[in-house]
1. Considering only residues that are assigned to a helix (DSSP H, G or I) and either under 14 Å from the mean Cα position of the chain (by Cα) or modelled with pLDDT of 55 or more (or both), which ones fall in region 62-108?
2. Just to be sure, is residue 59 in a loop (DSSP other than H, G, I, E, B), in contact with a strand residue (DSSP E or B) (Cβ under 8 Å, 6 or more places away or on another chain) and modelled with pLDDT under 95?
3. In region 20-34, which residue that is exposed (fewer than 14 other Cβ atoms within 10 Å of the Cβ) and assigned to a loop (DSSP other than H, G, I, E, B) is nearest to the chain's Cα centre (by Cα)?
4. Quick one: how many residues across region 2-36 are farther than 10 Å from residue 68 by Cα, out of contact with any helix residue (DSSP H, G or I) (no Cβ under 8 Å at 6 or more places or on another chain) and touching a residue at least 60 places away in the same chain (Cβ under 8 Å)?
5. Condition check: touching a helix residue (DSSP H, G or I) at 6+ places or on another chain (Cβ under 9 Å) and under 12 Å from residue 5 (Cα atoms). Does residue 39 satisfy that?
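The values are calculated or read from the model by the stated rules, or taken from the named source; none is laboratory data. Here the structure is a predicted model, which is why all the values come from computation and not from measurement. All Cβ positions, glycine included, derive from the backbone under ideal geometry; neighbour counts span all protein chains shown.
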């Protein structure tokens, strides 16, 4: 199962709190199943993408940082898993069009 986690640094953190956060991050390392980690360019937080069997692993990873951040963890699907490889409205699937080219010519 894929999860996108948005984290936001708590506002007004002191320099010593940020230093402590970096120490915790250094000890913890990447979260379990982490596939990618992005930071916001405004330095207020970031996003991780992880793959885990259940939400418990994401929850346990977030607990180490709750003193410094707030979290939103959202389970997600890859687009192909959500709608299939060839949805009825795709360009490659013409079965949704009305009639054949000959039918269209007769209508015109």
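1. Those that are assigned to a helix (DSSP H, G or I) and either under 14 Å from the mean Cα position of the chain (by Cα) or modelled with pLDDT of 55 or more (or both): 62, 63, 79, 80, 81, 82, 83.
2. No, not satisfied.
3. Applying the filter and picking the extreme gives 30.
4. The qualifying residues number 3.
5. no
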